[in-house]
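In what follows, a structure is listed as structure tokens, so that the remarks can point back to it.
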Amino acid sequence: MNGHTADYDVIVAGAGPAGSVTAKTVANEGYRVLVLEKNTACRSPCAGYISRTINIEVPGESVIQSKITRMRTYFPDLSFHDFQLNGFVVDRPLFDMELARKAVESGADIKWNSPLVGMGAEGVRFRDGKSSGKIIVGTDGVFSKTAALLGLGKQRFATCAQYHMKGIHTLSQTSEIFFDALCAPGGYIWVYPTGADSAKVGLGITKGRISPRGYLDSFISKSHASGRFCGEKKEYITGALPVGGLREKLVFNNVLLVGDSAGMADPVTGAGINNAMLAGEIAGKTIIKALEKDDLTILLEYETQIKKLLGKPLARALEKRKQMDACCNNEQLQEHLPELWVTFKKYWL
Ligand SMILES: Cc1cc2nc3c(=O)[nH]c(=O)nc-3n(C[C@H](O)[C@H](O)[C@H](O)COP(=O)(O)OP(=O)(O)OC[C@H]3O[C@@H](n4cnc5c(N)ncnc54)[C@H](O)[C@@H]3O)c2cc1C
């Protein structure tokens, strides 16, 4: 393997869940890991809903804002369907900071305020310097600079907006999902309770003529008539997530893509935290093996494992995304929703 005198064994670009889990896994084995983070702290915009479909390690109870035991999905005519499921809502900046802290505890170095800006055979350039590394991991999210530097195309994305609303009526331990082609074209509205009278109310859209915030404001004021969401709008955030499905290639010689940079978020639900963490662990373990055996070709095993694990569910969700794109009005959405949303049996047929 090239670069025996490199500053680091592994350089990870992006301190989101994918980056911190990768860094922690590799650093735990005593390898030298550098994490470059664009911002001065973790602040990925997110609703922070995590379902317990996989056994992810929550970094401390203090990051959990509420427990969820049921998802209520509303059709455009406001009839609804309930589904029992276990999950929780986390404070995402805290959650990410805790994961980053665990990576540092395991021995990784983090450089904040240091976006990756260049990449070459010897390593990386960031805002105020450069570092050499044997393996580079792009965990820099949906608009990945790493992917751009590899010459890869941009991913299709959904745009999102969210308020943390206070003084509103919420349903106990219940996340609410609203489908309405006029209020959230090509997407949906979420309500994730964070307490008895507070919730994150947000939406993601893939079509539309105005900003996601415009759609969200309009949904909230429309709901006033029914007495819902008449509280204070606090902590506005906006962001994007990939909806184009898994990238075809995830490994490029000594460079790996993990998490949103690789298109691992679900193209319909937008959920990406679980997959980012799962993939970070698999990437980390594969990297350890490659370093131990001094053989970069082993990194290809990461791609094989990810495709085996996430390939099918993400391909199915991408198919559903295409069907959802074809639903242009509420009549069509009303009819086809059970085929398009994960809590319905028909989705899985
Ligand atoms: C509004 C919104 C709500 C969402 N809600 C949920 C939800 O409830 N549940 C769920 O599971 N998923 C949700 N998602 C999706 C979820 O946030 C992502 O799938 C997840 O964060 C992916 O993790 P990641 O580590 O791959 O990327 P990210 O969390 O995006 O982390 C990427 C990191 O890289 C950094 N970075 C970017 N460019 C550079 C660079 N050039 N150099 C260095 N660092 C860089 C960023 O600052 C960031 O810290 C939501 C997304 C949005 C936008």
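The values are calculated or read from the model by the stated rules, or taken from the named source; none is laboratory data. Bear in mind that the values here come from a model prediction, so they are computed numbers and not experimental data. When we count neighbours, we look across all protein chains shown, and the Cβ atoms used for this are built from the backbone with ideal geometry, even at glycine.
Can you name the residue in segment 33-56 that is crowded, with 18+ Cβ neighbours inside 10 Å and among the polar types (S, T, N, Q) and is also farthest from the ligand (Cβ to nearest atom) among such residues?
Looking at the filtered set, the residue picked out is Ser51.
Any residue in segment 97-117 that is modelled with pLDDT under 95, surrounded by fewer than 17 Cβ atoms within 10 Å (Cβ to Cβ) and either more than 11 Å from the ligand (Cβ to nearest atom) or part of a strand (DSSP E or B) (or both)?
No - not one qualifying residue is present in segment 97-117.
Residue pairs, Cβ under 7 Å, 6 or more apart or interchain, first in segment 131-146 and within 17 Å of Lys111 (Cβ to Cβ) and polar (S, T, N, Q), second assigned to a loop (DSSP other than H, G, I, E, B) and within 12 Å of the ligand (Cβ to nearest atom). List them.
Thr139/Gly14; Thr139/Gly16; Thr139/Val258; Thr146/Asp140
This table checks each residue for (1) assigned by TED's automatic domain parsing to the domain that holds Gly202; (2) not in a strand (DSSP E or B).
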residue: Met119; (1), (2): no, no
residue: Gly133; (1), (2): no, no
residue: Gln162; (1), (2): yes, no
residue: Thr170; (1), (2): yes, yes
residue: Leu182; (1), (2): yes, yes
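What is the residue count in segment 173-196 for residues that are of a type in the set (S, T, N, Q) and out of contact with any Lys or Arg (no Cβ under 9 Å at 6 or more places or on another chain)?
Result for segment 173-196: 0.
Test of understanding: among Leu203, Leu149, which residue is aliphatic (A, V, I, L, M), touching a strand residue (DSSP E or B) at 6+ places or on another chain (Cβ under 6 Å), within 22 Å of Ser44 (Cβ to Cβ) and in the same structural domain as Pro76 (by TED's automatic domain parsing)?
Criteria check complete, one pass: Leu203.
Scanning for something among the β-branched types (Val, Ile, Thr), within 24 Å of Ser44 (Cα to Cα) and within 16 Å of the chain's Cα centre (by Cα), does segment 136-144 turn up at least one residue?
yes
Which residues, taken from segment 296-310, are in contact with a helix residue (DSSP H, G or I) (Cβ under 9 Å, 6 or more places away or on another chain) and either exposed (fewer than 15 other Cβ atoms within 10 Å of the Cβ) or not assigned by TED's automatic domain parsing to the domain that holds Ala18 (or both)?
Scanning segment 296-310 gives a single hit, Thr297.
With Gly16, Gly30 as the choices, which residue is near the ligand (Cβ under 10 Å from one of its atoms) and modelled with pLDDT of 95 or more?
Checking each option against the conditions leaves just Gly16.
Look at Lys222 and say whether it is in the same structural domain as Thr297 (by TED's automatic domain parsing), more than 17 Å from Pro45 (Cβ to Cβ) and either in contact with a helix residue (DSSP H, G or I) (Cβ under 8 Å, 6 or more places away or on another chain) or not in a loop (DSSP other than H, G, I, E, B) (or both). Can you show your working first?
Working: in the same structural domain as Thr297 (by TED's automatic domain parsing): no; more than 17 Å from Pro45 (Cβ to Cβ): yes; either in contact with a helix residue (DSSP H, G or I) (Cβ under 8 Å, 6 or more places away or on another chain) or not in a loop (DSSP other than H, G, I, E, B) (or both): yes.
No; evaluated as a whole, the condition is false for this residue.
Okay, residues lined up against (1) of a type in the set (Ser, Thr, Tyr); (2) part of a loop (DSSP other than H, G, I, E, B); (3) touching a residue at least 40 places away in the same chain (Cβ under 8 Å):
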| position | (1), (2), (3) |
| --- | --- |
| Ala18 | no, no, yes |
| Thr22 | yes, no, yes |
| Val26 | no, no, yes |
| Glu29 | no, yes, yes |
| Val35 | no, no, yes |
| Asn39 | no, yes, yes |
| Arg43 | no, yes, yes |
| Cys46 | no, yes, yes |
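Please pick out the residue among Ala148, Ala184, Ala161 that is surrounded by 15 or more Cβ atoms within 10 Å (Cβ to Cβ), of a type in the set (A, V, I, L, M) and touching a Pro at 6+ places or on another chain (Cβ under 6 Å). Break it down into steps so the answer makes sense when it comes.
Details: Ala148 fails: touching a Pro at 6+ places or on another chain (Cβ under 6 Å); Ala184 fails: touching a Pro at 6+ places or on another chain (Cβ under 6 Å).
That would be Ala161, the only listed residue that is surrounded by 15 or more Cβ atoms within 10 Å (Cβ to Cβ), of a type in the set (A, V, I, L, M) and touching a Pro at 6+ places or on another chain (Cβ under 6 Å).
Yes/no per residue for (1) under 26 Å from the mean Cα position of the chain (by Cα); (2) in a loop (DSSP other than H, G, I, E, B):
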{"site": "Lys285", "(1), (2)": "yes, no"}
{"site": "Leu300", "(1), (2)": "yes, no"}
{"site": "Lys307", "(1), (2)": "yes, no"}
{"site": "Lys322", "(1), (2)": "yes, no"}
{"site": "Gln334", "(1), (2)": "no, no"}
{"site": "Val342", "(1), (2)": "yes, yes"}
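Among the residues of segment 266-276, write down those that are in contact (Cβ under 8 Å) with a residue 40 or more places away in the chain and within 9 Å of the ligand (Cβ to nearest atom).
Asp266, Thr269, Gly270, Ala271, Ile273, Asn274, Ala276
Does segment 61-68 include one or more residues that are surrounded by fewer than 20 Cβ atoms within 10 Å (Cβ to Cβ), in a loop (DSSP other than H, G, I, E, B), at pLDDT below 95 and charged (D, E, K, R)?
no
Could you pull out the residue among Gly231, Gly227, Gly270, Gly214 that is of a type in the set (Gly, Ala, Ser) and closer than 27 Å to Val35 by Cα?
Only one candidate qualifies: Gly270.
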